[in-house]
Structures are given as structure tokens and as C-alpha cells.
Amino acid sequence: MPTVVNVNKNFVYYLIQPAIDAASPGDIIRIGSNTYPENVNISEKFGLTLQLGFSQGEVIVTGKFTLSADDVLEMELFGDDDYDKFIIQDVASITGFSLYIKVVGAYTPAPGTRFIIFTSLNNPSEFTNPMLIKTDGHHFILSYEEDGSSWNVVLTVVARVFRLQINGPGS
């Protein structure tokens, strides 16, 4: 059963990389919960949006995974233990992208709730802060945690985010 869809072109794929290779800037690639036995490299394409799942779920990539600037990753939170996850079984390089988090339904995450949105089972992996984190009114802190031979990217719900601006003399 097909699990990867280019939403804009209404094309269906069985793997992620062929969908990316055939995509144009601005296309949305929806990735269903499944295990994908491939390397995935999005760094050659700019302006793609990857949406995880047709519903909450877990996307497992058995090979290397590369996501870079000008691309968007959309993930959904359905409940404390029910949310989209990416598991990379090889080296991951995830840098400078935009992360959109959508809280679904009547669920309201409590401050302190943690969501492990990425796990890479192979070090060394590279993860740098996204260029943009957008949510639908909820506030999160993004952190990185090493756990033996794997690393996790964790979203933690916070009550509020404050912005502090310090101006120097003469500002």
C-alpha cells in the first residue's frame, strides 16, 4: 500500500526519496507511518514541506537522513504519548529548516510535557536549531539529548516564552 504522497501533484510513492526527487519547490510530501529502507536526502531540493503521517505515527528511515535550509517539517501532537515521531537508524544531518508543530483536536499539552520528535540511533549525527519554529499558540523549548549511542530532539511545553531585548548605550 502506498504511504508517500505528493499532495500538490497527487502522485503516490512507496518510498520517500523518489517523491522528493520528483518534487518541485513548494510541494508538500506527506509521509505515512512506516519503515522506509532507504537513504533520504532533501538538501538538493529547496522549499519542500514534509508532513509526517496521514494521522499520528512513526516514520522510520533505515538509512541516512539529510534535511536542510529552506525546507519545512510539519508534525502533529495528538496527546502526551500520541504524536508524530521520526526515527533515523543511521546518521542524521538536520540543519536550518523550519519546524511547524500543530496541536490536534481538544488536546492541550501541559507545561513540562516532553515530546521526543527525532531519534537518531547512530552517532555522530548533526542537528542545529531550526530557522523557525511555528506553533498554533503553544510554546515549546527545543533541546537535544544524547542517550548512549543515540540522540534525541525533544520539544518541551512551557507556560510562556518571554523575549528579552537588551539595548546598549546610545540605542
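The values are calculated or read from the model by the stated rules, or taken from the named source; none is laboratory data. Computed from a predicted structure; not experimentally measured. Here the Cβ is made from the backbone with ideal geometry for all residues, glycine too, and neighbour counts use every protein chain on show. We work out accessible area using only protein heavy atoms, side chains counted, and drop any ligands, DNA or RNA first. Shrake-Rupley method; radii C 1.70, N 1.55, O 1.52, S 1.80 Å.
What the table below lists for this structure:
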read-out: More than 25 Å apart - percent of Cα-Cα pairs taken over the chain; value: 32 percent
read-out: Selection of GluC sites (Glu not before Pro), segment 3-103, meeting DSSP coil and at most 10 other Cβ within 10 Å; value: GLU44
read-out: Of all DSSP beta bridges in segment 30-126, antiparallel share, percent nearest 5; value: 5 percent
read-out: Solvent-accessible heavy-atom area per residue, rounded to whole Å², over the chain at 1.4 Å; value: 52 Å²
read-out: Low-density loop cleavage sites - chymotrypsin sites (Phe, Trp or Tyr not before Pro) in segment 1-52, where at most 13 other Cβ are within 10 Å (DSSP); value: TYR14, PHE46
